[in-house]
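Notes follow the structure.
The values are calculated or read from the model by the stated rules, or taken from the named source; none is laboratory data. All figures in this text were calculated on a predicted structure; none of them were measured in a lab. Positions of Cβ are generated from backbone atoms using ideal geometry, with glycine treated the same way; all protein chains shown enter the neighbour counts. We work out accessible area using only protein heavy atoms, side chains counted, and drop any ligands, DNA or RNA first. Shrake-Rupley method; radii C 1.70, N 1.55, O 1.52, S 1.80 Å.
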Amino acid sequence: MAGAMGTPYLLREFRSKKREVFEDVLEERRQSSDLRYAMKCFSPVIYRSLVPCKPSMLKAMVLESDQLQYVIKQISLESGEPLDAIQEQATEILDEMGQNLNLAAIRMFALTLSKIFKRLFQKVCVNEEGIQRLAQAIQEHPVVLLPSHRSYIDFLMMSYILYTYDLALPVIAAGMDFMGMKIVGELLRMSGAFFMRRTFRGNKLYWAVFAEYVKTMLRNGYAPVEFFVEGQRSRTCKTLTPKFGLLSVVMEPFFKGEVFDTYLVPVSISYERILEETLYAYELLGVPKPKESTSGLIKARKILNDDFGSIHIFFGKPMSLRSLASGRLNRSQYNLIPRHLSHRPSEEMQKFISDVAYKVELQQIANMVLSPGVLIAAILLQNFPSLDFSVLVDKTVWLKDLTEAFGGCLEWPDNMSSSKVVTASIELHSNILKLADGEVILFENKPNDPLTEEVVFAQAVTLLMCASYRNQLVNTYVRPALVVLACKMALSSSRGDVSRTFCFLRNLFSKEFIFFPGFEEKDFEEGSFLLSKCDIVHLTPNEIVITKNGESTAMFLFKMFQPFLEGYQLAFMHLAKVVIDHFTEKQYISGLRNFVTQRILTGATKCYEALSSDIQKNTLASFVQLGILEVSKLGEATNYMVKKKAMADMETKLGLWMSGMKISVARL
């Protein structure tokens, strides 16, 4: 079963996905009354045909549950506080977090969102088979919806889609930031949002109340539960490493036999253009994120005049926890203790939860729908600041064919010429691209203008925005691209050497890309197979060699991943210059950003993406994992220390990354 759970997304899954039909839900909205849509009869079928209880009854059930009462008594014994005082605290926590699902508020949102979405988007496309599968799943067992997370629009869009198809509306785990928004916070609460603090480590009562609240909704079939496995929006459009806390909570009723099964439904939301693209670029460059506020939302209404293209929402096949656990997980350990007692998951359980989380994310990735703009971004980032339009068209068509051969799902208009498709994408992304005199310009680079820190920052904003679209493509290419890199880095062309180098790279980039834990060999075989199928490499039982016909494609793959390679190399070079014994994450990011900026100013590098806090944080985590850095605690702060011996051991491998450019710690 473990093997089945971890099987990478295969080509047959892409083929079945392509056969699925997408329906534009905005088409009908453009032809009929939004008010009639909002006021339609809404009586969705739910789990076991139960009638949802009122939010007040739900809170009462949580407060009276054996598990929460046990925790309250334990806290009282440990702290000496009266039971009544702790019970009151639990009530306040519930009042703070609890949703207040209200049909009138939902109808108002349906009316408002219809008008907004028609202004913002050309199409909102949903796979019909996925909706049918979801409708059936909701009637059979508790359902947990797990969407990808790229925009604030995600959770609004999910509720809008379910309302459109007369499906039970989800209760949604939302950050506390939204609760502080006047009026909007309460409206979100009435549309099904329940609010959770970003962190509640060490707060035993808060965790107990929160966990019991979620589990009570699942056990009683109140509504589908929705949350983001990534934990937060991805500012880079790469899938973030999964978080396990909330996933373990929704699995517990099944582990304890309180429900027969639970369905996990991966949902992939693909944007042709992302609303927050500029904001994300500034955040990645260190500009603080603006606080969520109602006034900020009102000011943002100017985006209603922009065109954000199409959205594709793909509801994946429901994943049965019972099937995933069959033959792998022994749940009898939960029979040995009363259900109301808290039970820390065993290592076996934790591994299972982790595997499920990665499987969900790999399914999300596999079901993403790529737009032509993604291809254009990948090409322009290898040819900035500008590229001839006709060359761009030819390269885009070539990359389209390669992407489909590698299993990517593309939304490509069949009724338009290639040049018109490319032109339409440039117009959609006119805030970062410009077509002038037959050239597609990413940013103006006047030879006589001095390169200053301000100019570097402005260019970095544009490049990071463009990279966020390219990053949607790297998920399709990461395995074959790492095989290509391994071929170039390995000591020889033997399969053993190439495979070992591939595993090193896969481990190094484990914070950048999503790989199923423990499946190094399968990932290597998958990447090699795709390359061989396209005649990019020649495979024999003992050797793997890049073919003459495949050299240009191999170089393209190398350049696509060069910003990540060079970003890690620059981070390593910066570490070699660190002279203080300990440093914090904040000091590391600030120092690395200054280091990269200076190298750009001197012309030593063009790797603007190394200025991104995402790569900077990932390099920090990766270097800890590789043993280059040692983590220590000084009071409340987390500190890092460079391990010089480990640095020296890693130097040779890292120096092989880029031809003709090796690192020497001694020289630095």
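Yes or no, residue by residue, for (1) touching a residue at least 24 places away in the same chain (Cβ under 8 Å); (2) open to solvent by 20 Å² or more (accessible area, probe 1.4 Å); (3) over 32 Å from the mean Cα position of the chain (by Cα):
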| site | (1), (2), (3) |
| --- | --- |
| 43 | yes, yes, yes |
| 85 | no, yes, yes |
| 96 | yes, yes, no |
| 128 | yes, yes, no |
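What do you reckon, is residue 110 crowded, with 16+ Cβ neighbours inside 10 Å and either within 27 Å of the chain's Cα centre (by Cα) or assigned to a loop (DSSP other than H, G, I, E, B) (or both)?
Considered against the rule, which asks whether it is crowded, with 16+ Cβ neighbours inside 10 Å and either within 27 Å of the chain's Cα centre (by Cα) or assigned to a loop (DSSP other than H, G, I, E, B) (or both), residue 110 comes out as yes.
Considering every residue within the range 205-213, establish whether at least one is part of a loop (DSSP other than H, G, I, E, B) and either under 30 Å from residue 65 (Cα atoms) or at pLDDT 95 or above (or both).
No: zero hits.
Can you go through 57, 61 and tell me which one is at pLDDT below 90 and open to solvent by 30 Å² or more (accessible area, probe 1.4 Å)?
57
Please pick out the residue among 160, 165 that is within 23 Å of residue 29 (Cβ to Cβ), surrounded by fewer than 18 Cβ atoms within 10 Å (Cβ to Cβ), hydroxyl-bearing (Ser, Thr, Tyr) and touching a helix residue (DSSP H, G or I) at 6+ places or on another chain (Cβ under 6 Å).
The match here is 165.
Please work out which residue is most open to solvent (accessible area, probe 1.4 Å), limiting yourself to the range 188-213 and to residues that are touching a Phe, Trp or Tyr at 6+ places or on another chain (Cβ under 8 Å) and within 22 Å of residue 148 (Cβ to Cβ).
Here the residue is 196.
Residue under question is residue 174, and the condition is that it be over 25 Å from residue 369 (Cβ atoms), open to solvent by less than 20 Å² (accessible area, probe 1.4 Å) and not in a helix (DSSP H, G or I); does it hold?
Against the criterion (over 25 Å from residue 369 (Cβ atoms), open to solvent by less than 20 Å² (accessible area, probe 1.4 Å) and not in a helix (DSSP H, G or I)), residue 174 qualifies.
Looking at 248, 234, can you tell me which residue is within 28 Å of residue 115 (Cα to Cα) and either among the charged types (D, E, K, R) or surrounded by fewer than 24 Cβ atoms within 10 Å (Cβ to Cβ) (or both)? Steps first, please.
Details: 248 fails: within 28 Å of residue 115 (Cα to Cα).
Just one listed residue meets the conditions, 234.
Can we say residue 101 is part of a loop (DSSP other than H, G, I, E, B), in contact (Cβ under 8 Å) with a residue 12 or more places away in the chain and either surrounded by 15 or more Cβ atoms within 10 Å (Cβ to Cβ) or under 29 Å from the mean Cα position of the chain (by Cα) (or both)? Break it down stepwise before answering.
Working: part of a loop (DSSP other than H, G, I, E, B): yes; in contact (Cβ under 8 Å) with a residue 12 or more places away in the chain: yes; either surrounded by 15 or more Cβ atoms within 10 Å (Cβ to Cβ) or under 29 Å from the mean Cα position of the chain (by Cα) (or both): yes.
The answer is yes for residue 101.
State yes or no: is residue 265 of a type in the set (A, V, I, L, M, F, W, C), over 14 Å from residue 155 (Cα atoms) and at pLDDT 95 or above? Steps first, please.
On the way: of a type in the set (A, V, I, L, M, F, W, C): yes; over 14 Å from residue 155 (Cα atoms): yes; at pLDDT 95 or above: yes.
In short, yes.
Hey, does the range 545-568 have a residue that's β-branched (Val, Ile, Thr), closer than 15 Å to residue 482 by Cα and in contact with a Pro (Cβ under 9 Å, 6 or more places away or on another chain)?
Looking only at the range 545-568, we keep the residues that are β-branched (Val, Ile, Thr), and these are 545-547, 553.
Remaining after also requiring closer than 15 Å to residue 482 by Cα: 545-546, 553.
With in contact with a Pro (Cβ under 9 Å, 6 or more places away or on another chain) added as a condition, the list becomes none.
The answer is no; no qualifying residue exists.
Any residue in the range 629-646 that's under 16 Å from residue 576 (Cβ atoms) and at pLDDT below 90: show its pairings with residues that are part of a loop (DSSP other than H, G, I, E, B) and among the small types (Gly, Ala, Ser) at Cβ separation under 8 Å, as long as the two are six or more apart or on different chains.
Qualifying pairs under 8 Å: 643/627; 646/627.
In the range 360-462, which strands (runs of 3 or more DSSP E) lie fully inside it and hold 1 or more residues that are touching a Gly at 6+ places or on another chain (Cβ under 9 Å) and surrounded by fewer than 16 Cβ atoms within 10 Å (Cβ to Cβ)?
Per the criteria, 386-388.
Please verify whether residue 81 is open to solvent by 50 Å² or more (accessible area, probe 1.4 Å), part of a helix (DSSP H, G or I) and not β-branched (Val, Ile, Thr), treating the condition exactly as stated. Full working, then the answer.
Working: open to solvent by 50 Å² or more (accessible area, probe 1.4 Å): yes; part of a helix (DSSP H, G or I): no; not β-branched (Val, Ile, Thr): yes.
Criteria not met by residue 81.
Assess whether residue 594 counts as being farther than 26 Å from residue 377 by Cβ and modelled with pLDDT under 95.
Against the criterion (farther than 26 Å from residue 377 by Cβ and modelled with pLDDT under 95), residue 594 does not qualify.
Scan the range 597-614 for residues that are under 28 Å from the mean Cα position of the chain (by Cα) and at pLDDT 95 or above and jot them down.
597, 607, 608, 609, 610, 611, 612, 613, 614
Between 388, 394, which is out of contact with any helix residue (DSSP H, G or I) (no Cβ under 9 Å at 6 or more places or on another chain) and more than 30 Å from residue 597 (Cβ to Cβ)?
It is 388.
If a residue has to be without any contact (Cβ under 8 Å) to a residue 60 or more places away in the chain, acidic (Asp, Glu) and open to solvent by less than 30 Å² (accessible area, probe 1.4 Å) to count, how many in the range 575-614 make the cut?
0
Assuming residue 136 fulfils every condition listed in (1) farther than 25 Å from residue 207 by Cα; (2) touching a residue at least 60 places away in the same chain (Cβ under 8 Å) apart from one, which condition is it?
Here residue 136 clears every test but (2).
Looking at residue 465 and the list (1) touching an Asp or Glu at 6+ places or on another chain (Cβ under 7 Å); (2) open to solvent by 30 Å² or more (accessible area, probe 1.4 Å), which single condition is not satisfied?
Just one mismatch for residue 465, condition (2).
Can you work out which of the residues in the range 541-574 that are in contact with a strand residue (DSSP E or B) (Cβ under 7 Å, 6 or more places away or on another chain), in contact (Cβ under 8 Å) with a residue 40 or more places away in the chain and not in a helix (DSSP H, G or I) is most open to solvent (accessible area, probe 1.4 Å)?
542
Might you let me know whether the range 513-529 holds any residue that is open to solvent by less than 20 Å² (accessible area, probe 1.4 Å), in contact with a strand residue (DSSP E or B) (Cβ under 8 Å, 6 or more places away or on another chain) and either of a type in the set (D, E, K, R) or part of a helix (DSSP H, G or I) (or both)?
Yes.
With (1) under 23 Å from residue 280 (Cβ atoms); (2) in contact with a Leu (Cβ under 9 Å, 6 or more places away or on another chain); (3) part of a loop (DSSP other than H, G, I, E, B) as the list, and residue 198 as the residue in question, which single condition is left unmet?
The single condition residue 198 does not satisfy is (2).
Quick one: which of 458, 436 is under 27 Å from the mean Cα position of the chain (by Cα) and among the small types (Gly, Ala, Ser)?
458
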